[in-house]
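Peer 1: Have a look at the structure that comes next, please.
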Amino acid sequence: MSIIVNNLTKIYDAQKAVDGISFTINKGEVVGFLGPNGAGKSTTMKIITGYLPASIGTASVCGITVHSKNSNTKKKIGYLPEANPLYYDMYVREYIDFITQVHTIKNKKEKIEEVLKIVGLTVEANKKIRQLSKGYKQRIGLAAALVHDPEVLILDEPTSGLDPNQIIEIRELIKKLGKNKTVLFSSHILQEVQAICDRVIIINKGVIVADDKLSNLIGKNHFNELRLEIKEIVKKDIFDGIDNIKQLNANTWLFITDDADRLKRKLIEIMLRKNLNIISLQSETAGSLEDIFRRLTIEQ
């Protein structure tokens, strides 16, 4: 296994950012790591890369246990953090050269030119980093993650700030790299995940709520969404006994269910018993990755 995460927990004061999660990723897998903001994605990635210590549990990369002072695991990892740290007064080629020195790469000139070509930065290589767009700055971070030819890539929102053409180019690059490396990447662009990954891990409130091949996840997660709009403003507790509820606005509620007809009857009974007026009650079959993501991360 290239990445093994076992009972990983991260606690900040009284809050568990990550709560006892476990998963493994093999060489050659490209795995999408999904979750809403604050779910624990970036924290998990920082622990795997050794930038943060775990409160409980362990992570290992290529058979080596990760901890903040272990440089052996860091040599095997290429990491692109969500907040891409760059020295804006350096030139692009100068910055990549600096990164090769950090990794003590021998044939650094060849490596620099190779990685600049891979990420499409050759033409921009003699510009200062501050002169470049956000998309090109993101490419510089990706080049820095790749230049030492790591076995494992941890990419936190790698296409953030890229235009549609750049997104497609980086997407193809990640797919190509995934043939020989282990890639764990997060993204809020679910179409991108579907285009790149065979497997996804979904985390919500620090807990893994799904870990499966994408085809399996979609195949076994067809469900219905019911949207109820009523005239009155009510509190959630009137729907006692019904799970998977989200309030969309003052008068509209969203329900996720495997049995739409049964839930419709129950909602109508509640409305009659409470003397509430239904404006509309509509159902829709769902099952895309976006639908599954919403269902698994909906506020309870």
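Peer 1: What dipole magnitude, in Debye to the nearest 20, does the chain give about its Cα centre under +1 on Lys/Arg Cβ and -1 on Asp/Glu Cβ?
Peer 2: Value, rounded to 20: 620 debye.
Peer 1: With a point put 7 Å past each Cα toward its Cβ, work out how far Gln101 is from Val123 in nm, to one decimal.
Peer 2: The modelled label-to-label distance comes out at 3.0 nm.
Peer 1: May I ask for the net charge around Glu94, where only other residues with Cβ less than 15 Å from the Cβ of Glu94 are counted and Lys, Arg are +1 while Asp, Glu are -1? Don't skip to the answer; put the middle values down first.
Peer 2: Numbers: positive: Arg93, Lys108, Lys109, Lys111, Lys127, Lys128, Arg130, Lys137; negative: Asp89, Asp97, Glu113, Glu124.
Taking every other residue near Glu94 into account, the sum is +4.
Peer 1: Same structure, new question: Let me have the relative contact order for the chain, percent, based on Cα pairs under 8 Å that are six or more residues apart.
Peer 2: Relative contact order, the chain: 19 percent.
Peer 1: How far, in nm, would the chain grow between Ser280 and Tyr87 when pulled straight, counting 0.36 nm per residue and subtracting the alpha carbon separation? Could you put the intermediate results ahead of the total?
Peer 2: Numbers: separation 193, 0.36 × 193 = 69.48 nm, distance 5.52 nm.
My answer for the length gained is 64.0 nm.
Peer 1: Students often get this wrong, so check it: of Lys106/Lys128; Lys27/Lys108; Lys10/Lys176; Lys246/Lys274, which have C-alpha atoms separated by over 31 Å?
Peer 2: Going by Cα-Cα distance, Lys10/Lys176 fall outside the 31 Å limit.
Peer 1: Next question. Work through the residues other than Leu132 whose Cβ is under 14 Å from its Cβ and net out their charges, Lys, Arg +1 and Asp, Glu -1.
Peer 2: +3
Peer 1: Now for a separate question. Within the range 99-155, list the GluC sites (Glu not before Pro) lying in a DSSP loop whose Cβ has at most 16 other Cβ atoms in a 10 Å radius.
Peer 2: The qualifying sites are Glu151.
Peer 1: Pulled fully out, how much extra length does the chain show between Asp163 and Glu110, if you take 0.36 nm times their separation in residues and subtract their Cα-Cα distance?
Peer 2: 16.2 nm
Peer 1: Here's something else I'd like to know. Looking at the range 38-111, which chymotrypsin sites (Phe, Trp or Tyr not before Pro) are in a loop (DSSP not H, G, I, E or B) and have at most 14 other Cβ atoms within 10 Å? Working shown, then result.
Peer 2: Numbers: sites: Tyr51, Tyr79, Tyr87, Tyr88, Tyr91, Tyr95, Phe98; in loops: Tyr51, Tyr87, Tyr88.
In loop regions of the range 38-111 (DSSP not H, G, I, E or B), the sparsely surrounded chymotrypsin sites (Phe, Trp or Tyr not before Pro) are Tyr87, Tyr88.
Peer 1: Just to confirm a number: summing +1 for Lys and Arg and -1 for Asp and Glu over residues other than Asp149 whose beta-carbon lies under 13 angstrom from that of Asp149, what do you get?
Peer 2: With Lys, Arg at +1 and Asp, Glu at -1, the neighbours total +3.
Peer 1: In the set (i) 1.19; (ii) 0.93; (iii) 0.98, which value of Cα Rg over 2.2 N^0.38 Å was calculated from the structure you see?
Peer 2: (i)
Peer 1: Further question on the same structure: What percent does the relative contact order of the range 112-225 come to when contacts are Cα pairs within less than 8 Å and at least six residues apart?
Peer 2: Relative contact order for the range 112-225 comes out at 19 percent.
Peer 1: Also, quick follow-up: Please give the length that would be gained between Ser55 and Val207 if that part of the chain were fully extended, namely 0.36 nm times their separation in residues minus their C-alpha to C-alpha distance (nm, one decimal).
Peer 2: On the way: separation 152, 0.36 × 152 = 54.72 nm, distance 1.50 nm.
The Ser55-Val207 span can extend by a further 53.2 nm.
Peer 1: In addition: Tilt of helix 134-146 relative to the longest C-alpha principal axis of the chain, in degrees (0 to 90, nearest 10)?
Peer 2: 60
Peer 1: Out of the range 75-143, which trypsin sites (Lys or Arg not before Pro) are coil in DSSP terms and have no more than 12 other C-beta atoms within 10 Å?
Peer 2: Those satisfying the criteria are Lys106.
Bear in mind these aren't lab numbers, they're just calculated from the coordinates by the rules spelled out. Nothing here was measured: the structure is a model prediction, and the numbers come from that model. Don't worry about glycine lacking a Cβ; one is built from the backbone with ideal geometry, like all the others, and counts go over all protein chains shown.
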